[in-house]
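Here is the structure we will look at, set down as structure tokens.
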Amino acid sequence: MTTQSRQNMPEGLHPETADLVRRFSLALAEKLKAAQDKYGYQDGWKRDDWLDECRAHLLQHVAKGDPRDVAAYCAFLWHHSSHTSSNPEVIPYGWVAVPLAPTFEFYSRLAHTWPYEPQFFKRVYDHIVQSAAALMDSASQSPERKFLDDVHQELERARSKFPGDNITGLALAEEFGEVIKAALEEPAANVRKEAIQTAVMAARLVLDGDSSLVYWRKRQGLDQLVPDQEGIQPLKWQPMETAPKDQYILLSDPGLKRVVIGIWSMAEEGWIESPDLSPADLQPTAWMPLPDQVD
């Protein structure tokens, strides 16, 4: 800023405020210069026939968020001694009396007050009505709707926290056991919580698939649970002598007639599924890595 601009500051203005004005005016000038170089703008802002367009651009840039653009259009209007509203006296600032069934003429009157098309105000009104209806609907939700909404929220949370398929088939079996146990032994609130978890795992089995089942379904001639798994190279069972003993893996035990997630126990010197299942009860004949362990 020049020395003259410094001298033109009102006497007694706080130095920090004066510095703010100088810095912002420089930033505004740089913004206008950039627009001039990019779009070829010159002094068109001096025209008297574009004030409504100027107000419309002002409000558009308020929504976009750059205060320098907002200030530029305010400066243009200030130069013309014009208000930011084409008719500020028609409707008090911040308040609009909206009839219960507004007509297109009503929206047209608003358009004369603020530089927006009548359809804009109709969309705003419709949005308010729809939001109010949704709020009233949520207050009177049926138990079924509330349960499904809770399932959907938990599904989104689970997908965010545990992305991928995460052995969804086995997880679903585990959750089913938990909900039955809760139904037999625990309060109703716990049953609902476990039921939501079970529903989420059922949904994830259908929506996210289970890559531990890819080989089985392919061998049975079945399509995969989700299209994304059609091209997955199926995991193959490997001999137990090659099994890693420092991580959880999938174990195939013909005696149990099921697949389990197990790990080698140094204390028990054998493969265990959990502390409740001793090595004598678990005799795996083959193993494969968990899907999320495959690179």
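Just to confirm my filter: which helices (runs of 4 or more DSSP H) fall fully inside region 19-114 and include at least 3 residues that are farther than 27 Å from residue 8 by Cα and at pLDDT below 90?
51-64, 104-113
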Task: Hey, residue 73 under 36 Å from the mean Cα position of the chain (by Cα) and among the hydroxyl-bearing types (Ser, Thr, Tyr) or not - done: yes
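Here is a yes/no grid of residues against (1) touching a His at 6+ places or on another chain (Cβ under 6 Å); (2) surrounded by 10 or more Cβ atoms within 10 Å (Cβ to Cβ); (3) over 21 Å from residue 21 (Cβ atoms):
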{"site": "33", "(1), (2), (3)": "no, yes, no"}
{"site": "40", "(1), (2), (3)": "no, no, yes"}
{"site": "50", "(1), (2), (3)": "no, yes, yes"}
{"site": "54", "(1), (2), (3)": "no, yes, yes"}
{"site": "57", "(1), (2), (3)": "no, yes, yes"}
{"site": "63", "(1), (2), (3)": "no, no, yes"}
{"site": "66", "(1), (2), (3)": "no, yes, no"}
{"site": "71", "(1), (2), (3)": "no, yes, no"}
- [ ] Filter region 200-215 down to residues that are among the charged types (D, E, K, R) and not in a helix (DSSP H, G or I) and give me whichever is modelled with the lowest pLDDT.
- [x] 210
Open item on the list: Within region 115-123, does at least one residue satisfy the condition of being part of a helix (DSSP H, G or I), modelled with pLDDT of 65 or more and of a type outside the set (D, E, K, R)?
Closed with: no
Task: Failed item in (1) free of Cβ contacts under 8 Å to residues at least 60 places away in the same chain; (2) in a helix (DSSP H, G or I), with residue 170 passing the rest - done: (1)
Task: Qualifying residues in region 154-182 (those that are over 25 Å from the mean Cα position of the chain (by Cα) and of a type in the set (Asp, Glu)) - the one surrounded by the most Cβ atoms within 10 Å (Cβ to Cβ) - done: 175
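Give the residues of region 150-167 that are in contact (Cβ under 8 Å) with a residue 60 or more places away in the chain and of a type outside the set (Val, Ile, Thr), sorted by residue number. Don't jump to the end; show me each part of the working.
Looking only at region 150-167, we keep the residues that are in contact (Cβ under 8 Å) with a residue 60 or more places away in the chain, and these are 164-167.
Answer for region 150-167, where residues must be in contact (Cβ under 8 Å) with a residue 60 or more places away in the chain and of a type outside the set (Val, Ile, Thr): 164, 165, 166.
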Task: Check on residue 212, touching a strand residue (DSSP E or B) at 6+ places or on another chain (Cβ under 9 Å) and free of Cβ contacts under 8 Å to residues at least 40 places away in the same chain - done: no
Open item on the list: Tell me the residue from 197, 238, 233, 224 that is crowded, with 18+ Cβ neighbours inside 10 Å and at pLDDT below 90, please.
Closed with: 224
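The values are calculated or read from the model by the stated rules, or taken from the named source; none is laboratory data. Just so you know, these numbers come straight off a predicted model, no measurement behind them. Neighbour counts run over all protein chains shown; Cβ positions are idealised from the backbone, glycine included.
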